[in-house]
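One structure is given here, and the rest of the page talks about it.
The values are calculated or read from the model by the stated rules, or taken from the named source; none is laboratory data. This structure is a prediction, so every number in the text was calculated from the model and none was measured. We place every Cβ from the backbone using ideal geometry, glycine too, and count neighbours over all the protein chains shown. We work out accessible area using only protein heavy atoms, side chains counted, and drop any ligands, DNA or RNA first. Shrake-Rupley method; radii C 1.70, N 1.55, O 1.52, S 1.80 Å.
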Amino acid sequence: DAKTTQPNSMESNEEEPVHLPCNHSTISGTDYIHWYRQLPSQGPEYVIHGLTSNVNNRMASLAIAEDRKSSTLILHRATLRDAAVYYCILRDFNSGNTPLVFGKGTRLSVIA
Amino acid sequence: GAVVSQHPSWVICKSGTSVKIECRSLDFQATTMFWYRQFPKQSLMLMATSNEGSKATYEQGVEKDKFLINHASLTLSTLTVTSAHPEDSSFYICSASNRPRAGELFFGEGSRLTVL
């Protein structure tokens, strides 16, 4: 899997939007961009994924740069429950049923 | 959505004993499951890939005789930490997918092992 680069930590105020960046300059044409998050003392949970177009779901939005070398996970209104480590991971569409390879992620703190 | 469940969520054992952790896919069949280990303040590290009906594939540096993996059915994989030592204390997490080819993976709640 191609490597991603994320800031180690970010901070946000409650009720404000959060933009979590991810750089993946070596992404290949068949790589999907996945985002997972891990709340304290829990297993990771799926947030969103996309290939080329921006994606929205009930949890977040994913904005993908036109050249696909970077993406941004957007939490529209951060809550205290969104405090977690957020992982941006590339996964090859052709890789079949392969595991996710986790980097260090971004630790998001939300301030009340 | 698909659910993966682990048991126990936490366990404390004495050094030298063995501990079994179960990982179940509750509403789908998983021919492949993955086991991770996570030490405090660190990211998840892949330990092994569990394949139903065949031997597990271990990552480099993971002792297969110490971390026994059994995937006897399409909904259950077990990880047994044999002769546990304090350095095996960690958060163990399993995952599985019902959608191969870049679909999302589902993760268990994690099992925290403390070896005294």
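Listed by first and then second residue, the pairs with beta-carbon distance under 6 Å, at least 6 apart or on different chains, first residue in segment A:33-52 and among the polar types (S, T, N, Q), second buried (at least 24 other Cβ atoms within 10 Å of the Cβ) and assigned to a loop (DSSP other than H, G, I, E, B), are A:38/A:44.
Only one of the listed residues (B:6, B:60, B:38) is in contact with a Cys (Cβ under 6 Å, 6 or more places away or on another chain), of a type outside the set (Lys, Arg) and at pLDDT 95 or above. That residue is B:6. When residue B:84 is tested against (1) surrounded by 19 or more Cβ atoms within 10 Å (Cβ to Cβ); (2) away from chain A (no Cβ under 13 Å); (3) assigned to a strand (DSSP E or B); (4) in contact (Cβ under 8 Å) with a residue 40 or more places away in the chain, exactly one condition is not met: (3). Taking the conditions exactly as written (out of contact with any His (no Cβ under 6 Å at 6 or more places or on another chain) and open to solvent by less than 20 Å² (accessible area, probe 1.4 Å)), does residue B:11 satisfy them or not? No; evaluated as a whole, the condition is false for this residue.
Where residues in segment B:87-116 are in contact with a helix residue (DSSP H, G or I) (Cβ under 9 Å, 6 or more places away or on another chain) and of a type in the set (Val, Ile, Thr), which of them is surrounded by the fewest Cβ atoms within 10 Å (Cβ to Cβ)? Step by step, filter segment B:87-116, then rank; the result is B:114. Just checking, does segment A:72-94 include any residue being over 18 Å from residue A:11 (Cα atoms) and among the hydroxyl-bearing types (Ser, Thr, Tyr)? Looking through segment A:72-94, none of the residues is over 18 Å from residue A:11 (Cα atoms) and among the hydroxyl-bearing types (Ser, Thr, Tyr).
Annotation note: of A:53, A:95, the sole residue that is of a type in the set (S, T, N, Q), open to solvent by 40 Å² or more (accessible area, probe 1.4 Å) and either under 30 Å from residue B:51 (Cα atoms) or at pLDDT below 95 (or both) is A:53.
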